[in-house]
Every structure is written in structure tokens, then in C-alpha cells.
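Asks: Just passing along the structure, written as C-alpha cells.
The values are calculated or read from the model by the stated rules, or taken from the named source; none is laboratory data. These figures come from a predicted structure and were not determined experimentally. Ideal geometry is used to build each Cβ from the backbone, glycine not excepted, and the neighbour counts take in all protein chains shown. Side chains included, ligands, DNA and RNA excluded: accessible areas come from the protein's heavy atoms. Shrake-Rupley method; radii C 1.70, N 1.55, O 1.52, S 1.80 Å.
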Amino acid sequence: MWYSETLGTIRTPRGVTVDGIQHPASIFTLWSDEELAAIDIYPAALDVPDQRYYEIGDPSYTLTDGTYIISYASTEKNVNGLKDERNNTVKSISASYLEKSDWMVIRASEGGTAVPSAWTTYRAAVRTESNDKNLAIDALSTLDDIKTYDNNGGVTAGWPEVPE
């Protein structure tokens, strides 16, 4: 990726016109950084905050040691909103796991065959895991707490295995 104050961000090699001179896309692979800099084209690097945790704003461009750093203004997302997202995901995951055996519970409640004990144990474990995750999420108080929780498996780790 490259950046030019006159051309903007160039994500992939393409033909460009600089000061009335047309240059083929091959200049981006054949020319050195110094040769590109002579026509105001510099290598560029993105510095983008993690969009899971930050609202992203407008970009800024800083030339540092011959490379444009494209960074974005950012603000932390609301911690309670992030907690709500995670709790909703836990609810969805839990419902998905329980759905696989709902038919057994319905059959048993309508006077049919009893639910096998392995499935009863599994369903209880899913509910326990869901409740434990909700309690853990509710206890998070800062963005750093949420990042740590996510990096340690978050909402996806620790669910019980489906019985065979």
C-alpha cells in the first residue's frame, strides 16, 4: 500500500498520472522507495484500532521515516454495550446448543420416551455454562477487562461436549 498527498491511498498497484506524466502499475514493483518518493508516492502502513472495542473516526496521515502511517481517530465503545453484546451472544450460543435436544424434551413432556441421562446432564451443563458466562461478563467493568476476557476464550470457550 502507498500514499500520495495528491493521489491519496493506493491499495494495489495501478497506473497513475503524476504531474501530467502517466506511469504504469509496474512502477510499484520495479521502482525503489526513493524513486517513488521522488514523484510523491510513499509506502504506507495502517494503524487501525480494533473495531471490536473502538468506534473509528477520520484518518490522519503522518510521514515517518519515509513511510506514511495512516491512523484513525477512535473512541472507546461503551462498556455496558459491549457487555450486552457478549451476553446476547452467550444466550444465542446456549439456545443453539439446547435446540439440538429440544425434541427429546418435548417428546418426554408429551408422555413419550424419557430423555437419556447423558442429554439431561448435557442440557444442565449448557445452562450452567451460560449462567457462569453471564455472571463473568456482568462482573467486567473496564474495556481492558473485556479485552482480557475475550483473549482468554470469552463467550466461545468452555461449552460442554455434545453427547454421542
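Asks: Taking only segment 150-164 into account, find how many residues are of a type in the set (Ser, Thr, Tyr) and in contact with a helix residue (DSSP H, G or I) (Cβ under 7 Å, 6 or more places away or on another chain).
Replies: Going residue by residue through segment 150-164, those that are of a type in the set (Ser, Thr, Tyr) are 156.
Those left that are additionally in contact with a helix residue (DSSP H, G or I) (Cβ under 7 Å, 6 or more places away or on another chain): none.
Adding up the residues that qualify gives 0.
Asks: Every residue in segment 15-44 that is touching a Phe, Trp or Tyr at 6+ places or on another chain (Cβ under 8 Å) and either part of a loop (DSSP other than H, G, I, E, B) or loosely packed, with under 14 Cβ neighbours inside 10 Å (or both), please. Break it down into steps so the answer makes sense when it comes.
Replies: As a first pass, look at segment 15-44 and keep what is touching a Phe, Trp or Tyr at 6+ places or on another chain (Cβ under 8 Å): 28, 33, 36, 41-44.
Result: 33, 41.
Asks: Considering only residues that are surrounded by fewer than 17 Cβ atoms within 10 Å (Cβ to Cβ), touching a residue at least 24 places away in the same chain (Cβ under 8 Å) and either among the hydrophobic types (A, V, I, L, M, F, W, C) or part of a loop (DSSP other than H, G, I, E, B) (or both), which ones fall in segment 129-155?
Replies: Across segment 129-155, the qualifying residues are 141, 142, 143.
Asks: Further, regarding this structure: Quick check on residue 84: is it part of a helix (DSSP H, G or I), loosely packed, with under 15 Cβ neighbours inside 10 Å and touching a residue at least 40 places away in the same chain (Cβ under 8 Å)?
Replies: Numbers: part of a helix (DSSP H, G or I): yes; loosely packed, with under 15 Cβ neighbours inside 10 Å: yes; touching a residue at least 40 places away in the same chain (Cβ under 8 Å): no.
No, not satisfied.
Asks: Which ones in segment 48-66 are part of a strand (DSSP E or B) and open to solvent by 80 Å² or more (accessible area, probe 1.4 Å)?
Replies: Matches in segment 48-66: 55, 58, 61, 63.
Asks: Within segment 110-128, is even one residue under 26 Å from the mean Cα position of the chain (by Cα) and over 15 Å from residue 162 (Cβ atoms)?
Replies: no
Asks: I'm told residue 96 meets every condition in (1) touching an Asp or Glu at 6+ places or on another chain (Cβ under 7 Å); (2) in a helix (DSSP H, G or I) except one. Can you identify the failing condition by its number?
Replies: (1)
Asks: Within segment 67-81, does at least one residue satisfy the condition of being part of a helix (DSSP H, G or I) and out of contact with any Ser or Thr (no Cβ under 8 Å at 6 or more places or on another chain)?
Replies: Going residue by residue through segment 67-81, those that are part of a helix (DSSP H, G or I) are 79-81.
Those left that are additionally out of contact with any Ser or Thr (no Cβ under 8 Å at 6 or more places or on another chain): 80-81.
Yes, segment 67-81 has at least one match.
Asks: May I ask you to list the residues in segment 99-128 that are touching a helix residue (DSSP H, G or I) at 6+ places or on another chain (Cβ under 8 Å), open to solvent by 40 Å² or more (accessible area, probe 1.4 Å) and part of a helix (DSSP H, G or I)?
Replies: If the condition is that a residue be touching a helix residue (DSSP H, G or I) at 6+ places or on another chain (Cβ under 8 Å), open to solvent by 40 Å² or more (accessible area, probe 1.4 Å) and part of a helix (DSSP H, G or I), then 105, 127 are the ones that fit.
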